[in-house]
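A.B. asks: Dropping a structure here in structure tokens format, bear with me for questions.
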């Protein structure tokens, strides 16, 4: 009985702690890019497409973001590391609302 009450208390406190936590971009230890380099990469991704910068495709992928980071900052990252870096800074994979064959010609 006592253990069940302790478990329930831990569950409740854990949920409250997660809700109260502030989520923000991590910089500092473990971050390969400094603030100015990070800003330059994110601005380039916002303002240009990979095709504008001589790469293939019109959407940013992990591979194209990796090439951009290497071009702008001279830092080599793995594709998995780039995926984590993108998620950490607010970029998540997006899916189109409709498939191309479902879209209207208009």
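A.B. asks: Expressed in nm to one decimal, what extension gain is obtained for the pair residue 40 and residue 84 from 0.36 nm per residue of sequence separation less their Cα-Cα distance?
C.D. replies: 14.1 nm
A.B. asks: Which value in nm describes the separation of the simple spin-label points at residue 63 and residue 94, placed 7 Å from the Cα toward the beta carbon?
C.D. replies: 2.1 nm
A.B. asks: Another question, then. May I ask you to sort 31, 8 by Cβ crowding, counting other Cβ atoms within 10 Å and putting the fewest first? If you can, show how the numbers build up before the last one.
C.D. replies: Working: 31 14, 8 10.
Listed from fewest to most nearby Cβ atoms, that is 8, 31.
Read the figures in this text as sums done on the coordinates, not as results from a lab. The structure presented is a predicted model; accordingly, all values stated were derived computationally and were not measured. Counting neighbours? That spans all protein chains shown, and the Cβs are built from the backbone with ideal geometry, glycine included.
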